[in-house]
Amino acid sequence: MEWKWKTIIEPFKIKSVEPLGITTRDERKTVLEQAHYNLFNIKAEKVLIDMLTDSGTGAMSAAQWGGVMNGDESYAGARSYYNFEREIKRLTGFSEVIPVHQGRAAEKILFGVIGGKGRYIVSNSHFDTTRANVEFSGAQAMDFPVKGALDFGKPAPFKGNADVAAMEKFIREKGAKNIPLCVMTVTNNSLGGQPVSMENLKAVRAVCDKYGIPMFLDCARFAENAYFIKLREKGYNSTPVREIAEEMFELADGAWMSSKKDALVNIGGFLALNDKDWSAKARQMLILTEGFNTYGGLAGRDLEAIAIGLQEVLDENYLQYRIRSSAYLGEGLLKHGVPIIDPPGGHGVYVNAKKFLPHIRPQNFPAQALACALYLEGGIRGVEIGTLMFGRRDKNGVYQAAPMELVRLAMPRRVYTQSHIDYVIEVFGWLARHKKAIKGLDVVEAPPILPHFTAKLKLAK
Ligand SMILES: *Cc1c(COP(=O)(O)O)cnc(C)c1O
């Protein structure tokens, strides 16, 4: 639909509502202390606007809820599996479709098959669970983000791209035989939900072809990426988003997806590929850890909802609203002088806490401190992507400063309205005026793997 108005509206009406968790500042102060300044430890009912993640937090449509009732719960050969498989094949073109309960299960299985000591996985950027699964297999996860990706304040259309020359140089140094896979994360979650251009996907593909390395997509947000290509890349502005998405998949040998993102469901995922040997090994692991081939850790109703969600997400009215929502939040923050990754990515806005809170040293976790302040003052929950998440410590246990200190404000899909976002912007305005009072944090305890989920912290002296 052509939209000639300045105001982009939510292209849906609301059929079912859920009350928000309204608390006082005093309550939140106690909640925060009891949670050891780790927002993953807070009960969701104590959160007003939950921007912790866009993963599994979206609202399903009436059509998807209808699909839930139609779910076929047969153990083997369920109709819902075939609907799921048909939709994924139509979109991706890959012949082997393996359902899993969420994205990281696909990663665990795939890297169990192809990873191992002495091997390297190359990428524009690995997402944190991807990196953890690569490393758990014994392999190393190597990121090659495009130059300028870390230049957060400087806008560019495709900051999710890979640095193709650097990637090729690494492949040549280590030898292609030690590199079983190149994975392109679309959009690039760890670096701001920034899109990857078709041109870059093609260039990476060409390098992979040259060295005989398969290229996969970690395609959690493939539809948002495709829509950015339509908006920003030359030659695509009148191409239907579905065709753009199909072209992205055509360039790849396989993909995995956390369906909790662009499949518009609360749980689910898949691994899809053409290689018969890899898929046979993956299915062996699937049966050990997830379930039989035609449900893979999901209920029939989940498979049904994913099949419908994968169609709905390519609706261009939805994508226009979706991308506009993140941009709107980003513009609001910039007006208050809050530094962000500019332009905002697809699934949220990433605040540059290093720049916003220069008085807090990396060892005192400025991004975590900002995330806690945001909760304390406004009941808003974001997530730290910084020194705590990356969790690199030297042999004396001292945290090594991460290259970035970000607070991600993720946007759940079809959940919050514009007034909710206006509220978030207002709270940030207040924080911007009182930021000198925000204090850093110290870690009390933290595990070695994915420390940010369970670390305990306290206010720094
Ligand atoms: C969410 C995500 C994953 C992991 O998926 P889960 O469903 O959370 O297990 C992997 N890669 C990317 C890019 C993601 O955004």
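Condition check ((1) over 16 Å from Gly71 (Cβ atoms); (2) free of Cβ contacts under 8 Å to residues at least 24 places away in the same chain; (3) touching a Lys or Arg at 6+ places or on another chain (Cβ under 8 Å)) across all residues:
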| residue | (1), (2), (3) |
| --- | --- |
| Ala280 | yes, yes, no |
| Gln284 | yes, yes, no |
| Thr289 | yes, no, yes |
| Phe292 | no, no, no |
| Glu304 | no, no, no |
| Ile308 | no, no, no |
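Does any residue of the stretch 220-239 turn out to be outside the structural domain of Ala410 (by TED's automatic domain parsing), within 16 Å of Ser123 (Cα to Cα) and away from the ligand (no atom under 16 Å from the Cβ)?
No, the stretch 220-239 contains no residue that is outside the structural domain of Ala410 (by TED's automatic domain parsing), within 16 Å of Ser123 (Cα to Cα) and away from the ligand (no atom under 16 Å from the Cβ).
Would you point out the residue of the stretch 172-192, among those that are in contact (Cβ under 8 Å) with a residue 60 or more places away in the chain and away from the ligand (no atom under 13 Å from the Cβ), that is surrounded by the fewest Cβ atoms within 10 Å (Cβ to Cβ)?
Going through the qualifying residues, I end up with Asn178.
List the helices (runs of 4 or more DSSP H) inside the stretch 164-240, counting only whole elements, that have at least 2 residues being over 25 Å from Arg324 (Cα atoms).
164-174, 198-211
Keeping to the stretch 267-283, report how many residues are within 10 Å of the ligand (Cβ to nearest atom) and under 22 Å from Leu319 (Cβ atoms).
Within the stretch 267-283, residues that are within 10 Å of the ligand (Cβ to nearest atom) and under 22 Å from Leu319 (Cβ atoms) number 2.
Keeping to the stretch 429-461, report how many residues are more than 14 Å from Phe365 (Cβ to Cβ) and aliphatic (A, V, I, L, M).
5
Output the number of the condition that Ile121 fails; it satisfies all remaining conditions of (1) out of contact with any helix residue (DSSP H, G or I) (no Cβ under 6 Å at 6 or more places or on another chain); (2) under 20 Å from Phe390 (Cα atoms).
Only one criterion in (1) out of contact with any helix residue (DSSP H, G or I) (no Cβ under 6 Å at 6 or more places or on another chain); (2) under 20 Å from Phe390 (Cα atoms) is unmet by Ile121, namely (1).
Restrict the check to the stretch 258-266 and report whether at least one residue is modelled with pLDDT of 95 or more, in a strand (DSSP E or B), hydrophobic (A, V, I, L, M, F, W, C) and within 16 Å of the ligand (Cβ to nearest atom).
The answer is no; no qualifying residue exists.
Restricting attention to the stretch 193-210, does a residue exist that is within 14 Å of the ligand (Cβ to nearest atom), touching a residue at least 40 places away in the same chain (Cβ under 8 Å) and under 25 Å from Gly118 (Cβ atoms)?
no
The values are calculated or read from the model by the stated rules, or taken from the named source; none is laboratory data. All values reported here derive from a predicted model rather than from experimental measurement. Ideal geometry is used to build each Cβ from the backbone, glycine not excepted, and the neighbour counts take in all protein chains shown.
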